[in-house]
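The block underneath contains the structure these notes are about, expressed in structure tokens.
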Amino acid sequence: MDVRVSDVRKWAGREEFTRVVEPWPHECQARVEFPLINPADVRVRVRNTGGALVVEVSGEAECQAQCARCLEPFGLRVPFSAVEEFREEPGPSDPNGDYSRFTGDRLVLDDLVADAVGLGLPMVSVCSPQCRGLCPQCGVNWNQAPCECVPWPDDRLAGLRALLPPDRT
Ligand SMILES: [Zn+2]
Ligand SMILES: [Zn+2]
């Protein structure tokens, strides 16, 4: 995934907007535990600040996720955005550096977009904040049906109960 900067790199102060729609680079899929669906659709803003090109990417990824509570599949939307400075210098970019390098007329955005999507992922993927999850005793999906199980009285399981949605504790 890349953008052409042949014009914007020539003049300080110049700014360009682009939209890149193409299959997800494998760097992105490598960051996401679930399969990404739909092609990537990334808005790109490139600003020439004089010494560098400042690149902003944003968009929304969607993947075929599995709910951590009820285990049902669902479409997880992952909004993402990131900003990176690119300087025209030879050689590969230093992964720990303050900026990325480029030469020529194209900026490669794979790593920038992959980082942004990775940071946009939720800590826990649930189909809905209200998801009731599965009964830990009989396995019934509480979103679909209640069950007759009696909650554990055992305090050793209090830690487990703390993981359940609030209305089940
Ligand atoms: Zn769920
Ligand atoms: Zn049950």
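The values are calculated or read from the model by the stated rules, or taken from the named source; none is laboratory data. Computed from a prediction, not measured in an experiment: that's the story for all the values here. Note: ideal-geometry Cβ built from the backbone for every residue, glycine included; neighbour counts use all protein chains shown.
Counting only strands (runs of 3 or more DSSP E) wholly contained in the stretch 46-110, no element carries 3 or more residues that are among the polar types (S, T, N, Q) and closer than 18 Å to residue 22 by Cα.
Restricted to the stretch 120-139, and to residues there that are within 14 Å of ligand 1 (Cβ to nearest atom) and buried (at least 16 other Cβ atoms within 10 Å of the Cβ), the residue that is farthest from the chain's Cα centre (by Cα) is 135. Scanning the stretch 127-158 for residues that are modelled with pLDDT under 70 and either assigned to a loop (DSSP other than H, G, I, E, B) or more than 16 Å from ligand 2 (Cβ to nearest atom) (or both) returns 152, 153, 154, 155, 156, 158. Pairs meeting the criteria (first residue in the stretch 113-124 and acidic (Asp, Glu), second residue at pLDDT below 95, beta carbons under 9 Å, at least 6 apart or on different chains) are 115/27; 115/31.
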